[in-house]
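Laboratory data are not the source of any read-out in this text; all were calculated from the coordinates shown. For clarity, every value in this text was computed on a predicted model and none was experimentally measured. All Cβ positions, even for glycine, are placed from backbone atoms using ideal geometry, and neighbour counts span all protein chains on display.
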Ligand SMILES: [Zn+2]
């Protein structure tokens, strides 16, 4: 019994990942979809393209979800808002 406890502690000590915290899972660095593909031009008339940046309620996804850089997130927001204005994207869906 006592041995078991000791082994457990030792195992934890030997673990390379000492500062492992399940709250902060290893996150892969997201790369901005617009920076990654230089040929990709955001078009407010292209609903299929913009749908990737809104959730099913029609809300614009935050940067932490889209992975876009600050500059391109602004472009995305502007494009989505323009698309809403010309009724390509919904302001809200239920
Ligand atoms: Zn970018």
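When restricted to residues that are within 15 Å of the ligand (Cβ to nearest atom) and either assigned to a strand (DSSP E or B) or under 23 Å from residue 92 (Cα atoms) (or both), the stretch 30-49 contains 2. In the stretch 50-94, of all residues being in a loop (DSSP other than H, G, I, E, B) and touching a residue at least 40 places away in the same chain (Cβ under 8 Å), the one that is farthest from residue 30 (Cα to Cα) corresponds to 86. Among the residues making up the stretch 76-93, those that are out of contact with any helix residue (DSSP H, G or I) (no Cβ under 7 Å at 6 or more places or on another chain) and either under 19 Å from residue 38 (Cα atoms) or within 16 Å of the ligand (Cβ to nearest atom) (or both) are 77, 78.
I'm checking my understanding of the structure. Among residues of the stretch 50-62 that are within 16 Å of the ligand (Cβ to nearest atom) and surrounded by 15 or more Cβ atoms within 10 Å (Cβ to Cβ), which one is nearest to the chain's Cα centre (by Cα)?
So, considering only residues that are within 16 Å of the ligand (Cβ to nearest atom) and surrounded by 15 or more Cβ atoms within 10 Å (Cβ to Cβ), the one nearest to the chain's Cα centre (by Cα) is 61.
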